[in-house]
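The values are calculated or read from the model by the stated rules, or taken from the named source; none is laboratory data. From a predicted model like this one, the values you see are computed outputs, not experimental measurements. With ideal geometry, Cβ positions are generated from the backbone for all residues, glycine too; neighbour counts draw on all protein chains shown. Ligands, DNA and RNA are excluded from the accessible area calculation, which covers all protein heavy atoms including side chains. Shrake-Rupley method; radii C 1.70, N 1.55, O 1.52, S 1.80 Å.
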Amino acid sequence: FTTLVMALPVIKHNTYEQEWILEPLCFPERPAAEIGSFSHDDAEVVTCMFCSHSNPLLEKDLLLKHLVLEHKLVIADVKLIADFPRYMQYWKKRISEQPITDFCSVIKTNAQGPVEKQEHYFLLCDVLPEDRVLREELQQKRLEEILEQQQRERDDNSFQRICMFCNEEFTGNRSSLLNHMAREHSFSMGLPDNIVYCVEFLDHLQRKLDNLQCLYCEKTFRDKTTLKDHMRKKQHRRINANNHEYDRFYIINYLELGKTWEEVQSEDDREMVENEEDDWSDWQAHPMCAVCLFCEQQSESMDQIYTHMEETHGFDLHKLKTELHLRFYQQVKLVNYIRREIHHCRCYGCQEKFGSKAEVIHHVMDAGHVMQLPETSTWDQPQYYFPTYENDALLCVLSDSDSESEDHGRGGDIPVIAEDISNLRALKQTSVLNHLLKDTGCPS
């Protein structure tokens, strides 16, 4: 707030020289060299909340300059506004309904000078509860959009790209390339599930290498051989965490309003448990939705999802459990096996490979392979203890149809007879342990 107030006279003083100092407002977050490749959102036009003046989103600093010079309005913490166009649209509507003084703090400049030289500036910031709520809603909306984008990338099997270091081509899921670079070239961008806009991220890195620029220290070299030697010897095959150009490619930077990944990671969890008398009465548990094995159908009722799989796809998990005498952990492994095979676009019954999930589901239905399982040894493996989808609610409702004792009896059909201990003294004298103790000379 102090910085903003101090900046206002500076802005006004330089108006005559056409040189504006707008440090407290906003600057382009990307270097000029990177502006050429902007997304559709960057081309969106943003209109002033007072008049018809507009600028592309990429040039929002010019719009902020216009707001200060023409309308005496300063917007605080612009960089923390998740969706600037929607923010401007909201306040354009509100200001048309009520006076601006109902929303903004009024700052008087030249307060000690003549009245005719005094000016009033307006500060729009999150001290106003309405503004704070709007910023939080925009942040939540952006997080939801980012997570949806990430999920689309995780499910996309049309990915195709050549490794930046060895020219090996990878197709299918993006994780294959990222894991290859980490494993074979010791270059880690991070876990695939922590990255969003992966293709744009890789394009950005490739441009740096094409420009003979080190990815870590960002020095430029005369040829590719010198660059490779430098990155290898200096161990610069990594991302510079202090380069905020990369922030938009990591999910962690979208989690909390106004916090970077450094701030999120440095938070001390102990602060969250200092108050042992926290009131949890308003805490509400969100019901878990189970997802069908073959389509996107979800349901909070497990009976409904079982019925759906049986009626829509002809898959009866209860029947398989009964016929194959599946214990709990065998059911877990079977579900994880089916999920993994379908994720890899492979029929779990005949192992035929397809180009997409839709094709493999179509094949499973048409070929009658829904209830056709391979040999038990194929899926009853330790690797399928681990869930294919870590939030798979279907795994949480599996249960044994019979008790453990019945399962063991049914599996081996060997009767277990209790040992006769009526003559305990004779049993002790004839025990193997007693003979061993005698042989070693130990007292019994």
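Of the strands (runs of 3 or more DSSP E) lying entirely inside the range 1-96, none contains at least 3 residues that are modelled with pLDDT of 90 or more and touching a Lys or Arg at 6+ places or on another chain (Cβ under 6 Å). Quick check: anything in the range 165-186 open to solvent by 50 Å² or more (accessible area, probe 1.4 Å), part of a helix (DSSP H, G or I) and farther than 30 Å from residue 340 by Cβ? No. Selection of first residues in the range 296-323 that are in a helix (DSSP H, G or I) and of second residues that are open to solvent by 30 Å² or more (accessible area, probe 1.4 Å) and of a type in the set (A, V, I, L, M), restricted to Cβ pairs under 6 Å at least 6 apart or on distinct chains, gives the following pairs, ordered by first then second residue: 302/397. For the range 353-383, residues that are surrounded by fewer than 16 Cβ atoms within 10 Å (Cβ to Cβ) and either touching a Pro at 6+ places or on another chain (Cβ under 7 Å) or among the charged types (D, E, K, R) (or both) total 5. Scan the range 106-144 for residues that are part of a loop (DSSP other than H, G, I, E, B) and open to solvent by 70 Å² or more (accessible area, probe 1.4 Å) and the total you get is 3.
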